[in-house]
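The values are calculated or read from the model by the stated rules, or taken from the named source; none is laboratory data. On a predicted model such as this, the values are computed, not experimentally measured, just so you know. Heads up, the Cβs are rebuilt from the backbone with ideal geometry, glycines too, and the neighbour counts pull from every protein chain shown. Accessible surface areas use protein heavy atoms only, side chains included; no ligands, DNA or RNA. Shrake-Rupley method; radii C 1.70, N 1.55, O 1.52, S 1.80 Å.
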Amino acid sequence: MNFRKTKKSGTISLLAIFGICFIFIILRWLNTFNNDIFVITREINSHITNFTISMTLCTLVGYLLLSTNGKYKSVIIFGILVIIANIIYETILPILNTVDFIDAVYGIVAVVLSFIYLYFLDKKGFEEE
């Protein structure tokens, strides 16, 4: 299997996204022990978990697809599947969760942001062969 080599700027940006998502999760976790710790606002804090899971999942899988010479179209297909899963899980199948369409919206926003990032990564983040 042939892998595309990521430029240094692409690697740094990828690690930055994962780092930011990790910080969001840590802040959310700390909020369970101290209500004064939250991500930006208390409203965002209640939905940040779905955002970070969707962002991390789409960015990681999208990066893997692109680095293995996959097309950007495959990233879009995967992202659409994540959006559909978000909507179904947050509206129809609330397993270990309460029905909350706003959570699905946060997940959709994360997927869209991931699409934008991966588009630029595909165009500028890999070394030319």
Taking the range 1-10 and the residues there that are in contact (Cβ under 8 Å) with a residue 12 or more places away in the chain and assigned to a helix (DSSP H, G or I), the one that is nearest to residue 63 (Cα to Cα) would be 10
Across (1) out of contact with any Gly (no Cβ under 8 Å at 6 or more places or on another chain); (2) over 30 Å from residue 128 (Cα atoms); (3) at pLDDT 90 or above, residue 86 clears everything bar (1)
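For every residue, the table says whether it meets (1) surrounded by fewer than 19 Cβ atoms within 10 Å (Cβ to Cβ); (2) in contact with a Pro (Cβ under 7 Å, 6 or more places away or on another chain); (3) assigned to a helix (DSSP H, G or I).
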site	(1), (2), (3)
13	yes, no, yes
19	yes, no, yes
33	yes, no, no
66	no, no, yes
75	no, no, yes
97	yes, no, no
114	no, no, yes
With the first residue restricted to the range 65-79 and required to be farther than 17 Å from residue 125 by Cα and without any contact (Cβ under 8 Å) to a residue 24 or more places away in the chain, and the second required to be hydrophobic (A, V, I, L, M, F, W, C) and open to solvent by less than 50 Å² (accessible area, probe 1.4 Å), Cβ contacts under 6 Å at 6 or more apart or on different chains are 78/61
